[in-house]
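To keep things clear, I will list the structure first and then write my remarks on it.
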Amino acid sequence: MLHITGSNSARAKTSNHTAILRLICQHGPVKRADLKDMLDLTLPTITTSVNAMIRAGLVRETAPDETGAPGRKAHALTIDPAYGHFLGIEMRDTGRTACITDFRGRMLYAAADTKLCTDYDRALRSAASLYRKLLKQSGLDAASVKGVGLAVPGLVDSAKGVLTMHPRDNWLDKSICADFRSLTAFRGPVRTMNNTASRAIAAQLFRQDLLHDADLFAYLLIADGIACPLVVNAPVMSESVIGNGEVGHMVMHENGALCSCGNRGCLEAYAGDRAILSVCTEAMQSGKAPGLKAVLGKKDAPSMEEILLAQEKGDPFVTGEVQQALTTLGIAIANIANLSNMDTLLIEGKLFDRAENQKLLTGTISKHLYSMVHSKTTFRFLKADPLSGALGGAAVAILNAIERYTG
Ligand SMILES: [Zn+2]
């Protein structure tokens with residue numbers, strides 16, 4: 001059991017209803033007696049609350065065959081997927097993805113727009129058109145969507161529904177939830193959260209199998225940039241994500257490479273996909289990466305998949321660049337682990353489609369850990385998924401519905 005000492009109003013306890021519903025979402029099918037033990041509540045309190053959830057259509061009892069114990073009376077509780085649909089959107093400048101899920105976070109429909117939109121209004125219009133496209137594709141009307149979640153990079157004030165800062169494109173103080181509502185006329189709840197934190201929420205709600213016994217976990221996303229929010233894995237906390245997680249802008253070299261944020265020497269100027277692609281493209285154009293050139297043929301700009309292929313084929317420049325990126329990343333992650341003592345680190349990035357790169361990263365992290373204390377950290381690589389941000393958005397919408405439930 002996690003014990004939090006000291007006071008922090010942002011970490012206030014949630015209501016019993018929210019904590020119970022969240023636990024059913026995270027651990028269902030789960031028995032009432034187990035909920036009682038996990039939350040330290042009385043059985044009558046659990047029963048009264050659960051009965052109201054069943055009446056509201058949020059929760060149902062499992063059929064005997066779902067509990068894995070045929071012939072025994074069913075007592076376990078699970079989220080009722082039929083409660084409603086949720087729509088998640090990840091809005092980045094380099095692309096927008098969207099999906100519709102059920103209340104259990106199972107993806108039912110998905111859509112994407114890969115056009116570059118560095119202008120906030122254009123990017124938001126693209127997000128709104130994906131929303132309309134998904135409604136059309138699914139045949140659902142807007143009223144049956146119980147909530148929308150917007151996952152965006154940068155600093156986000158989730159409580160106010162404001163994108164505070166997206167440094168690369170200079171998107172500042174945008175009322176993104178209100179703007180989305182006025183573009184789409186959607187009348188239900190809209191919530192926003194940082195796009196890596198959204199992925200962490202999806203893992204917390206739907207992938208507790210990856211977080212066994214983890215009181216504190218982190219979600220490392222290496223995409224265009226790098227982020228690594230820390231998450232308190234306790235259902236009784238109203239705000240489980242701690243801080244901003246913007247480790248991509250941790251300074252690794254004073255006066256080093258120029259970062260998209262305007263500072264120099266940031267981690268993502270060395271280890272993000274954007275940095276690796278830019279350095280390798282330049283090397284290829286000046287004849288230093290013939291292996292990459294051979295992989296690309298007539299194309300002039302590589303994708304991460306092609307970088308990995310050139311690495312596999314042994315292009316020395318690409319191999320050296322990827323190794324250097326992973327070493328820098330590993331040192332940064334070891335520093336975070338030394339600071340936070342997290343139990344589990346979930347890692348998502350195209351670089352890790354190659355097992356060799358997974359080994360290099362974990363090797364570098366382990367080398368720099370203060371190992372007497374941190375030997376317990378578990379590293380888990382997730383398959384890089386172009387829709388993970390959209391699913392994160394849907395998870396934020398589902399979390400919002402759970403937190404808004406008042407019994
Ligand atoms: Zn930076």
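Read the figures in this text as sums done on the coordinates, not as results from a lab. All figures in this text were calculated on a predicted structure; none of them were measured in a lab. Glycine gets a Cβ as well: all are built from the backbone with ideal geometry, and neighbour counts include every protein chain shown.
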- prompt: If we count other beta carbons within 10 Å of each Cβ, what is the order of Asp119, Asp80, Asp315, fewest first?
  reply: Asp119, Asp80, Asp315
- request: Please list 23-30, 144-151 highest first by mean number of surrounding beta-carbon atoms within 10 Å per residue.
  value: 144-151, 23-30
- request: Can you grab the distance from the C-alpha centre of the stretch 109-129 to the C-alpha centre of the stretch 384-407, Å, no decimals?
  value: 19 Å
message: Just to verify a number: FRET efficiency for Gln323 and His253, C-beta to C-beta distance, R0 = 25 Å, to 0.05?
response: 0.90
query: Arranged by the count of other C-beta atoms within 10 angstrom, fewest first, what order do Thr327, Thr42 take?
result: Thr42, Thr327
field: Candidate aspartates and glutamates for bridging to Lys160, where Cα separation is under 20 Å - those fewer than 8 sequence places away on the same chain excluded
entry: Glu90, Asp121, Asp173, Asp179, Glu239, Glu246, Glu403
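At R0 = 30 Å, how high is the FRET efficiency between Ser182 and Leu116 if r is their beta carbon distance? Nearest 0.05 is fine.
The computed FRET efficiency comes out at 0.80.
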query: Could you state the principal axis extents of the C-alpha atoms in the chain, from the largest down, to the nearest angstrom?
result: 71, 53, 45
query: In percent, how large is the relative contact order of the chain, given Cα pairs closer than 8 Å and 6 or more residues apart?
result: 19 percent
query: How far apart, in nm, are two points set 7 Å out from the Cα along the Cα-to-Cβ line at Tyr370 and at Asp40?
result: 2.8 nm
statement: The rounded separation in angstrom of the Cα centers of the stretch 19-40 and the stretch 327-360 is 31 Å
task: Note down the nm distance, to one decimal, between modelled labels 7 Å out along Cα→Cβ at Arg354 and at Leu210.
output: 2.2 nm
- request: Rounded to the nearest 10 degrees, what's the angle between the helix 195-206 long axis and the longest principal axis of the chain, both from Cα atoms, 0 to 90?
  value: 40 degrees
- prompt: With each label point set 7 Å from Cα along the Cα-Cβ vector, what nm distance links Lys383 and Asn263?
  reply: 3.6 nm
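Restricting to DSSP H runs of at least four residues, report the calculated mean residue ellipticity at 222 nm for the chain, -39500 (n - 2.57) per run over all residues, nearest 500 deg cm²/dmol.
Value at 222 nm, helices only: -13000 deg cm²/dmol.
FRET efficiency for Ala142 and Lys288, Cβ-Cβ distance as r, R0 = 51 Å, nearest 0.05? Don't skip to the end; give the middle numbers.
On the way: r = 53 Å, r/R0 = 1.04.
Computed FRET efficiency for Ala142 and Lys288 comes out at 0.45.
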task: Go through the stretch 373-407 and name the trypsin sites (Lys or Arg not before Pro) that are in a DSSP coil and have 11 or fewer other Cβ atoms within 10 Å of their Cβ.
output: Lys376, Lys383
- prompt: How far is helix 16-27 tilted, in degrees, relative to the longest principal axis of the Cα atoms in the chain, given as a value from 0 to 90 rounded to the nearest 10?
  reply: 60 degrees
statement: Partner lysines whose C-alpha sits under 27 Å from that of Lys359, ignoring same-chain residues fewer than 8 away, are Lys288, Lys293, Lys313, Lys350, Lys367, Lys376, Lys383
